[in-house]
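First the structure, in the form of structure tokens, and then the observations on it.
The values are calculated or read from the model by the stated rules, or taken from the named source; none is laboratory data. Bear in mind the structure is a predicted one, so any value in this text is a computation, not a measurement. Note: ideal-geometry Cβ built from the backbone for every residue, glycine included; neighbour counts use all protein chains shown. The accessibility values were calculated without ligands, DNA or RNA, using every heavy atom of the protein model including side chains. Shrake-Rupley method; radii C 1.70, N 1.55, O 1.52, S 1.80 Å.
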Amino acid sequence: MVTPGTVVPMNCHFTTTKAHIVLNGGTIEEIIADKGLEVTSSDPFKGDMDVAKLESLIATHGAGKIAFVRMEAGTNLIGGQPVSLQNMTDVRAVCDRHGLKLVYDASLLADNLYFLKVREEACKGLAIRDSTRRVADLCDVIYFSARKLGCARGGAICIRDGALYEQVRALVPLYEGFLTCGGMSVCEIEALTVGLEESMDEDMISQGPQFIAYMVGELDRRGIPVITPAGGLGCHVDAMRFLDHAPQAQYPAGALAAAFYIASGVRGMERGTLSEQRNPDGSEPLANMELLRLAMPRRVFTLSQVKYAIDRLDWLYQNRHLVGGLVFTEEPEILRFFYGRLAPVSDWQQKLVTRFRADFGDSL
Ligand SMILES: *Cc1c(COP(=O)(O)O)cnc(C)c1O
């Protein structure tokens, strides 16, 4: 449990998870392996945690100050990059040595299972169900958003230890509703069960990553900056290079999302500085990466829709010099990217529209 003054080491943070930890008086320490922050790479597992850094964090704070170790696979904010089974095994060994619990955010597990199958030697011969077992056996707690893992509404927290289960159970009426009549209906739990079962099917979980790999490959071939290798979750455009003229304090990834919507009607998601929280002193931490995420949930898009998005992004890239930055006009303190409002720093959006009309007319 996160209590004031405790630390949660993790490979990569997620926005709402970090907000919960901070709200409880804890802090996070991101100790992704250095390769994870290389925007272009051919490393198959850029989501891995740096195990040596985990050891030194524990030495610095003392195991008593570590609330738990959190792994997220794949990693949401750095391009849906997977975590290897080997890395999970190594992290587990460190947890065992220091009596720490390993908590696993499995929201993006389906993609990760696919990448284990195609990228990790030890998993190539395993059925998806068996690699799921191997991953699960390493964890004390597994939680996930069922919107992603299972394609249902709601989520789940799976707890191995009976005493911990009872401790967490007490929080359920506070945050969700009583166990037997809470927020998730039985029919939703049934849908989730079917979704989890489908996630054990390689043909099912491979569709998203294959479309993403196609999009990343096509953009890369055109010289448009994307995160490589292709990960899960979506195609991630590198806004730092796409808009290398826009200062990071003007949210290049947010600006790119706005520009791409104007040019295509496609709604991407900013994953960069805008998604970060201000420091307690009001200063703004700049994100490691500025990404435009074009999410590709399975069984939602057709290949021709993907081709349309590639074509429009190509046009935008040719006209990228027209795109400027953004500034907050309303900035909520917590999770500002959900409810905040922004404005362009100049009339760049009008200029982009004018250029679009000059090239395509009003017919589109
Ligand atoms: C999406 C996501 C969440 C949160 O999902 P909600 O459905 O918003 O609760 C948590 N962790 C990861 C890694 C995610 O990708």
Going by what's in this entry, would Arg119 be described as under 26 Å from Asp238 (Cβ atoms), of a type outside the set (Gly, Ala, Ser) and open to solvent by 30 Å² or more (accessible area, probe 1.4 Å)?
yes
Just the residues that are closer than 21 Å to Ile66 by Cα and open to solvent by 70 Å² or more (accessible area, probe 1.4 Å), please, taken from the stretch 1-51.
Met1, Pro4, His20, Leu23, Asn24, Thr27, Glu30
Spot the failing condition for Ala127; the list is (1) under 21 Å from Arg298 (Cβ atoms); (2) of a type in the set (A, V, I, L, M, F, W, C); (3) surrounded by 24 or more Cβ atoms within 10 Å (Cβ to Cβ), and only one is missed.
(3)
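Say whether the condition of being at positive phi and surrounded by 16 or more Cβ atoms within 10 Å (Cβ to Cβ) is met by at least one residue in the stretch 192-203.
Of all residues in the stretch 192-203, those at positive phi come to none.
The answer is no, given that none of the residues of the stretch 192-203 is at positive phi and surrounded by 16 or more Cβ atoms within 10 Å (Cβ to Cβ).
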Selection within the stretch 1-25 - more than 21 Å from the chain's Cα centre (by Cα) and not β-branched (Val, Ile, Thr):
Met1, Pro4, Gly5, Asn24, Gly25
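Which one of Ala239, Ala255, Ala213 is assigned by TED's automatic domain parsing to the domain that holds Gly272 and open to solvent by 20 Å² or more (accessible area, probe 1.4 Å)?
Going through Ala239, Ala255, Ala213 in turn, just one is assigned by TED's automatic domain parsing to the domain that holds Gly272 and open to solvent by 20 Å² or more (accessible area, probe 1.4 Å): Ala213.
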Residues in the stretch 325-353 that are closer than 21 Å to Leu243 by Cα and either outside the structural domain of Ala239 (by TED's automatic domain parsing) or open to solvent by less than 90 Å² (accessible area, probe 1.4 Å) (or both) total 15
Name the single residue that is surrounded by the fewest Cβ atoms within 10 Å (Cβ to Cβ) among those in the stretch 131-156 being away from the ligand (no atom under 16 Å from the Cβ) and polar (S, T, N, Q).
Thr132
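In the set Ile159, Ile224, Ile128, Ile189, which member is modelled with pLDDT under 95 and more than 15 Å from the ligand (Cβ to nearest atom)?
Details: Ile159 fails: modelled with pLDDT under 95; Ile224 fails: modelled with pLDDT under 95; Ile128 fails: modelled with pLDDT under 95.
It is Ile189.
Here is a yes/no grid of residues against (1) closer than 22 Å to Arg119 by Cα; (2) in a helix (DSSP H, G or I):
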residue: Ile157; (1), (2): no, no
residue: Ala191; (1), (2): no, yes
residue: Glu197; (1), (2): no, yes
residue: Met200; (1), (2): yes, no
residue: Ile205; (1), (2): yes, yes
residue: Gly217; (1), (2): yes, yes
